[in-house]
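Written out below as structure tokens is the structure these notes cover.
The values are calculated or read from the model by the stated rules, or taken from the named source; none is laboratory data. Source: prediction; values computed, not measured. Because the Cβ atoms are built from the backbone with ideal geometry, glycine has one as well, and the counts that use them run over all protein chains shown.
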Amino acid sequence: MIPPFALNLIPRRRKSRAVIILHKRVPNLTELALARFVTRARRAAGLKGAVEVLLTGNEEMKLLNQRFRRKDKATDVLSFPAAQDNLRKQFAGSIAISAEIAAHNAQALGHTTAEEVKILVLHGILHLRRYDHERDKGQMARRERQLRAQLRLPVGLIERAGGERSRPSLVRPSFVRPSSATKNATKSTPSSKRASAKRVERKRSQ
């Protein structure tokens, strides 16, 4: 299903390869700067079609998580890949990010919130590209490392999963797997376009 924040933006997709919706502001990260990064990351990952990014707060992320994943809590990032091939040629999918969780994790990891948002965007784009780090035997992790170096980003999210045991204040990220297996996360829209969303929980460090 297309998430609710995307429904009114369908006509704009043909004009732009990155649509940014800022419900929360992040220091030193303008709408234009984020749009440019999304475009760079999308091209580097080989993702075709426009990408929408919603930067919002925990309250809205909790509502989205409740509606699409039946999880009664906020999360850092949700990805909504377009399910239909003919739709994906123009629109790859949407990514929603919590600016509040990004700020918390950035402080814990020692980099800026703007950098953390870009890390979340990159990881979300790889999921829109149909990578799945829980099933691909390290393929996504290797690709993320390559793109992180290319885009000059700090430590990636997959690497972070097993390397941050000394940071108990870190909010562990969780992601969406592009799969149609979760029936309760699929819904018809007024435009009859459908997409799928499935949240992927990264394993916590033991």
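Could you tell me which of the residues Arg70, Arg88 is surrounded by fewer than 21 Cβ atoms within 10 Å (Cβ to Cβ) and either at pLDDT 90 or above or touching a His at 6+ places or on another chain (Cβ under 8 Å) (or both)?
Arg70
What residue, among those in the stretch 21-64 that are small (Gly, Ala, Ser) and surrounded by 18 or more Cβ atoms within 10 Å (Cβ to Cβ), is nearest to Ala103 (Cα to Cα)?
Checked the stretch 21-64; the qualifying residue nearest to Ala103 (Cα to Cα) is Ala41.
Please verify whether Gly93 is at positive phi, crowded, with 21+ Cβ neighbours inside 10 Å and at pLDDT 90 or above, treating the condition exactly as stated.
Spelling it out, Gly93 is indeed at positive phi, crowded, with 21+ Cβ neighbours inside 10 Å and at pLDDT 90 or above.
If only one of Ala74, Ala35, Ala83 is free of Cβ contacts under 8 Å to residues at least 40 places away in the same chain, of a type in the set (A, V, I, L, M) and farther than 17 Å from Val19 by Cβ, which one is it?
Result of the check over Ala74, Ala35, Ala83: Ala74.
Provide a single number: the residues in the stretch 31-73 that are in contact with a Phe, Trp or Tyr (Cβ under 6 Å, 6 or more places away or on another chain) and at positive phi.
Of the residues in that region, 1 qualify.
Within the stretch 58-158, which helices (runs of 4 or more DSSP H) (wholly inside it) include 1 or more residues that are out of contact with any Asp or Glu (no Cβ under 7 Å at 6 or more places or on another chain) and hydroxyl-bearing (Ser, Thr, Tyr)?
113-128
I need every pair where a residue in the stretch 131-154 that is under 24 Å from His111 (Cβ atoms) has its Cβ under 7 Å from the Cβ of a residue that is part of a helix (DSSP H, G or I) and among the β-branched types (Val, Ile, Thr), sequence separation at least 6 or different chains.
What qualifies is His133/Ile158; Met140/Ile158; Ala141/Ile158; Glu144/Ile158; Leu153/Ile119; Pro154/Ile119.
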